[in-house]
């Protein structure tokens, strides 16, 4: 009887892809912020089934583009007084 062990998907360079939760922890923000950035196309990712996987280079590109996930506000929110 053999048991298969699950390994994280890796890039050709050997770097592992990040999950949404890991990316959020790395950037110091909430995973919902990362999901919004993924849906906007601000962070490039691949889908593995229903899961998003993000390369470390995509995170670097996101930051180099001037994005700061800790200060982003959803522009679709309306201000109420």
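The values are calculated or read from the model by the stated rules, or taken from the named source; none is laboratory data. Worth saying up front: this structure is predicted, and the values here are computed from it rather than measured. Methodologically, a virtual Cβ is constructed for each residue, glycine included, from the backbone with ideal geometry; neighbour enumeration extends over all protein chains shown.
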Would it be correct to say that residue 69 is modelled with pLDDT under 90 and surrounded by 15 or more Cβ atoms within 10 Å (Cβ to Cβ)? yes
Contact list please: Cβ distance under 6 Å, first residue in segment 13-33 and under 12 Å from residue 57 (Cα atoms), second residue modelled with pLDDT under 95 and surrounded by fewer than 18 Cβ atoms within 10 Å (Cβ to Cβ), pairs at least six apart or on different chains. 15/56; 16/8; 16/10; 17/9
Name the residue that is modelled with the lowest pLDDT, counting only residues in segment 46-66 that are surrounded by fewer than 10 Cβ atoms within 10 Å (Cβ to Cβ) and closer than 20 Å to residue 28 by Cα. 66
Evaluation of residue 8 against (1) in a loop (DSSP other than H, G, I, E, B); (2) modelled with pLDDT of 90 or more (one fails), failing number: (2)
Has segment 23-40 got at least one residue that is assigned to a loop (DSSP other than H, G, I, E, B), touching a helix residue (DSSP H, G or I) at 6+ places or on another chain (Cβ under 8 Å) and either at pLDDT 60 or above or loosely packed, with under 13 Cβ neighbours inside 10 Å (or both)? yes
